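This report concerns only the one structure given below.
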C-alpha cells in the first residue's frame, strides 16, 4: 500500500466514529468582506501557483453581474443555497446548467478557448483532477482553505472538496425487507437478484463511474480482467440502464427494478424529503467515498462572482444547514458535531481501500472497456 493510500485508509476508518472534527465537514468559511484579491493563476502548463496566504474575500459590488454555474447537484440543494445567495448578492444573476460530472468535464474541455461557465459545482475528485491537470481550472486559495484537509483539495487550489459522498446499495423498501437486500457488493451477483437491478447510465455520471471503477479496482487494478468479469456478472442481473436519475427513481418507484447503486446523500434526500420508498445498505466490506468538489473555471467571464459564490457556499452556516436539511456530509474540519444531524454523528463510514490516483488514471480506460465490451453483454 502506498504511503498516501495508507494515510487515507487510516484517517477514513475513524471518520464519524468519534468526533467529525478530524476532516469531515463541508461547505464552509466565508470570512469578512475585504478588498478584492488579486487573481491567483497557475496550475499545470504555466502561471504561478496559489499564494501561501488565503486570498481576501472579494468585496460585494453593486454593479450588475452574471454567474454561470455548471452543476451536477440536485434541485433540492439549489433551493437552500441560491435564494440565500441572491439575498446577499442581489446584483448577481445566477444561471445554472445541470448535467453529470463527466458531462461537465467534457463541456468545460470543449469550451477551453472560450469559456462559457464560471463555476463548477459538484464534481468527482477524478473529474476535477483531470480538469486541473488539463489547465481548465483557476488556481484560487479561498479564505477557508486551511479548514479543508489536504486529502480533500488540490495542492494548487484548483479545486476544493465540498462534501463526502459514500456510495451505497439502494433498494425499494416496499418491495424488499432490509435483510432481503444485498448486504455487500458481491451479493449483487447472486442469481436471485436477476432483473431486479436498475442502474443509472454509467458514462455520463460521476457517481456511477466511480462505483464501477471501484468495483474493478477492488478486484485488482493490475488485473482489470477480473473486475471486467465482475461487471459482466452484474450486467447479467441488471434489467435496465436509465437515462438519468429521474428515470432511475421512476423505475424504482414502479418496482420495475428494486435495487440500485447510488450515493448516500441522494438516497436520504429522495427517501426522507421526497417521500420515495428508498432505504440503503452500507456495504459490509466498505464503500467508495467520493470527494465531491467545486472549482472556478480558468479564464471565466465572471471570476469575481465565482469567488463570491465559492466563499458563500462553503460558509459554516450553509454547511451546517445542508447537513441538517439535505444530509450533506461536509468536507470542512471545523464544523462542530453539534451542528450536524444525529445520524451523521453516529454513522461510521467504512471506506473501501482505494488508491484514488490510480482510479483517476485508469477510469477512462476502464469505463470505455465497460461501454464497448460489457454493457448489455451479460445476458448473451
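Quick notes
- Between residue 95 and residue 255, the modelled label-to-label distance comes to 4.5 nm, taking each label 7 Å out from Cα in the direction of the beta carbon.
- Peptides 101-111, 257-267, ordered by how many other C-beta atoms sit within 10 Å of their residues on average, highest first, read 257-267, 101-111.
- Compactness of the range 231-355 as Cα Rg over 2.2 N^0.38 Å, two decimals: 1.29
- Take the Cα of residue 336, step 7 Å toward its Cβ, do the same at residue 106, and the gap between the two points is 4.6 nm.
- Annotation: average projected area of the range 139-184 is 5.1 square nanometres, based on the convex hull of Cα atoms across all directions.
- Note on residue 364 and residue 244: their simple-model spin labels are 2.6 nm apart, each label 7 Å out from Cα toward Cβ.
- Semi-axes of the equivalent ellipsoid for the range 117-249, computed as √(5λ) from the eigenvalues of its C-alpha gyration tensor and ordered from largest down, come to 33, 17, 15 Å.
- Ranked 350, 178, 324, criterion: other C-beta atoms within 10 Å, fewest first: 178, 324, 350
- For the range 170-190, the residues whose amide N sits under 11 Å from a probe point set 7 Å from the Cα of residue 284 along the beta carbon direction are 183-187.
- Sites residue 219 and residue 379, calculated FRET efficiency, Cβ-Cβ separation with R0 25 Å, nearest 0.05: 0.75
- Normalised radius of gyration (Cα atoms, divided by 2.2 N^0.38 Å) for the range 117-171: 1.23.
- Neighbour counts of other Cβ atoms within 10 Å put 251, 177, 273 in the fewest-to-most order 177, 273, 251.
- Extension gain from residue 63 to residue 372, taking 0.36 nm per residue of separation minus the Cα-Cα distance: 106.2 nm
- Taking the fewest neighbouring Cβ atoms within 10 Å as the starting point, the ordered list for 144, 85 is 85, 144.
The numbers here are math on the coordinates, done by the rules we state, and not lab data. Because the structure is a prediction, the values reported are computed rather than measured. Cβ: placed from backbone, ideal geometry, glycine included. Neighbour counts: every protein chain shown.
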